[in-house]
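The values are calculated or read from the model by the stated rules, or taken from the named source; none is laboratory data. Computed from a prediction, not measured in an experiment: that's the story for all the values here. Note that we place each Cβ from the backbone using ideal geometry, even for glycine, and neighbour counts take in every protein chain shown. Ligands, DNA and RNA are excluded from the accessible area calculation, which covers all protein heavy atoms including side chains. Shrake-Rupley method; radii C 1.70, N 1.55, O 1.52, S 1.80 Å.
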Amino acid sequence: LSTQLEDARKLVPHLHFDWGQIPIDPKLAIGRDATFSPIASHLQEFDTVSRRHAILNWDGSGVFVRHLGTSNPTYLNRQALNQELSVPVVEGDTLQFSSQVTATLRFN
C-alpha cells in the first residue's frame, strides 16, 4: 500500500489541449499575457481568452481552478465558473477557456 501511495504522489496533473499537454506543477496560469502564462503563445489568436484568464493549482492532493473575474468566462464541464472562486477539478473534467480552447485534466 505504501508503494501505491508513493506512486500516486509522483503523478503530476496535466491539461491536455489539442496542441499538447502542459503540467500543473504546482500551478498553471491561463491567458494571452506572456508575462503571466507559459502557454500564451498558443492562445494569442483567441480574442475570447483574456490576457489573465484563469489559474489552476495543484496542492498534491487535488487540482483547483479559479476564474480571474474577466468578462470572458471559464467553463468546467460546460458550467460557467463564478468569478474568483476556486473549484475542484478531477481527472477527465473538461475546462473551456473560449469556444475554441478546451482542455481535459489528466494525471500522467
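Odds and ends about this structure:
- Relative contact order (percent, whole number), the chain, Cα cutoff 8 Å, 6+ residue spacing: 25 percent
- At a probe radius of 1.4 angstrom, the accessible area of the chain per residue rounds to 58 square angstrom.
- Cα-based convex hull volume of segment 7-108 per residue, rounded to whole Å³: 88 Å³
- Label-to-label distance, nm, for residues given as Gln21 and Glu91 (7 Å Cα→Cβ offset): 1.2 nm
- Apolar share of the accessible surface for the chain: 48 percent from carbon plus sulfur atoms, 1.4 Å probe.
- Placing dummy labels 7 Å off each Cα toward the beta-carbon, the span from Asn77 to Thr35 is 3.8 nm.
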